[in-house]
């Protein structure tokens, strides 16, 4: 090999002794880069196609798995919807009315089921009494055939009824409080569902009914589906004639019957285009690397020339403390070894210096970034360091504080007439115990002392570090918490005491008391229970709002139904005080978009507030007006009204009524919850005094836009 190289060089008249090393380096690097790039280009084609085939297979397999998982979550969603419908109080009420009337009068039940059936996650819903269909909503479904086919599948099922062109999936759930009654929610495995699955999986998804597959002629995709059925889980293949990657996932019932085949498709052209783009980038990279190799060879050759002179200059720079310039390596073996040794020494010095500077910067960053104040003292407890947080807390300049006695800066309040610096200093205790902690009140400003916790470490090399944590605000929060808990305990104790007294009277006179007296005690118990229920509901709702867990369901809601539900919940309180509720709503009252349960709670709180502040025998009024974009509804009472100074604060949390309340005040949460719920619906609430000397709470809600 070497004689041949010399022969080539002689023919080219190239003398190695006179040719500069930089040209040798540049030439050799160019040759190496071209050889490597050329070899990679030749080898990459076949390997990249293999990778492309593996990638396409993996992507279509993953897409099919994602579609199957999405379909499984949809099945769980139908079970959730069925349970939600079965637990809905309005459905239970409609079922009770249906069972008390003629069997044919199911219109109220149909209306409730139509409203509760979730059209976005289900195609149809039905109520069953055993095997008899009481009511259904949504598209037409062969309910009896589905009941016969689901067998022992459990709450979630797959079925392929003969009367339906597509297979279905769904779930059943019992109706709460009704023996023998159940709810069934179903959804068709149709093209619309396949479109949704395609969007979720990111590639084309088809749902093939097994009946259609079994009856269809054999084609190029039949083998993939047959392999998936044989495997029981899935099958993946690259169909060359169709230029497709295909995955088949069969869906079985619990009994082992095949219902649907999930087919995922990915065009192979999509993968091929990516591979071609990658090969083009590889060739471009080889060309760029060749050009860079020429430049690198020339630059390297220039640095290798004159190694001794470069080493001398480098040694002078190192002696002067300049570690920034690297040591050039070149020349003979001895010079090269010396250069490498000097470069290693320079790097070690650079690394050591950088490490020290980095650790110093990290320590400064930690001390400046932590919330707590940090200060260090010497053996005489004089300040040697003070971070910005400690300086702000103590109200001093960090530089001016250095050298001063720590007790003069902290200014701890005397305990039993003795300064803590002389009697119980955590710095001194930490020198013997290793660490110490103390709660101290510092007079750092003229307004109020600051409550702090000082944690001291042991002394290390003449310095002792202390952490100063300000707990003034935390202490105020604790006092506020104790006040709220005391208030809650008082408000719960009052109705419970009244109920306990009523129960004792009722127990003692159970057989001797007059019916009117017993009725009065029962009404008192009912009123106390309602008050406790409202207190608990408002308290729980307050916690949800404060923690950000209050969720608003967006559905079409009739304000008329909301007001009727609220009236039914509050009726006993109105009867107790002989009050009358007048409801005057326009006939063309439009629907609003919101959460019916939350809006019902809004009107319950407003009516309860009006009931509490209105005199006995008075009239409460509910009305509404409509314009193009919003609905304004109000609740009026004949009470004394909100004081002028409280109009802007009446909706604040824990804001309770003044001494003018006719009965013990609540928790001060009702109107705050009303405002929070209305604002989450995009509306607003105000309170004002009407010309008729009534107090009116007005809420404004946006009208639900009409469907295009």
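Any read-out appearing in this document is the output of simple, stated calculations on the displayed coordinates, not a laboratory observation. In this text the structure is predicted, and so the values were computed from the model without any measurement. All Cβ positions, glycine included, derive from the backbone under ideal geometry; neighbour counts span all protein chains shown.
Working from the alpha-carbon coordinates of segment 370-467, get Rg over Rh, Rh being the Kirkwood radius.
Radius of gyration relative to Kirkwood radius: 0.93.
I'm checking a number: the convex hull volume of the Cα atoms of segment 79-270, normalised per residue, in Å³. What is it? Write down the numbers at each step before the final one.
Values: hull volume 22.0 nm³, N = 192.
It comes to 114 Å³ per residue, whole-number rounded.
May I ask for the Rg/Rh ratio of segment 125-208, computed from Cα atoms with Rh as the Kirkwood radius, given to two decimals?
Working: Rg = 14.3 Å, Rh = 13.9 Å.
On the Cα set of segment 125-208, Rg over Rh gives 1.03.
What ranking do 580, 179 get, fewest neighbouring Cβ atoms within 10 angstrom at the top? Don't skip to the answer; put the middle values down first.
Numbers: 580 11, 179 7.
Exposure proxy ranking, most exposed first: 179, 580.
Take every Cα pair under 8 Å in segment 370-467 that's 6+ residues apart, average their separations, divide by the length, and report that relative contact order as a whole percent. Walk me through the numbers before you get to the answer.
On the way: 179 pairs, mean separation 26.3, N = 98.
RCO, segment 370-467: 27 percent.
Please rank 603, 375, fewest neighbouring Cβ atoms within 10 Å first, as an exposure proxy.
Numbers: 603 23, 375 27.
Listed from fewest to most nearby Cβ atoms, that is 603, 375.
One quarter of the convex hull surface, Cα atoms only: what value does that give for segment 194-268 in nm²?
Numbers: hull surface 20.6 nm².
Its Cα hull, projected and averaged over all orientations, spans 5.1 nm².
Sticking with the crude label model, points 7 Å out along Cα→Cβ, report the distance from residue 432 to residue 84 in nm, one decimal please.
Here the modelled spin labels are 6.8 nm apart.
With the crude spin-label approximation of a point 7 Å out along Cα→Cβ, what separation in nm comes out for residue 212 versus residue 191?
A separation of 0.9 nm, rounded to one decimal place.
Could you calculate the FRET efficiency of residue 32 with residue 347 from 1/(1 + (r/R0)^6), where r is the beta carbon distance between them and R0 is 22 Å, rounded to 0.05?
According to the calculation, E is roughly 0.25.
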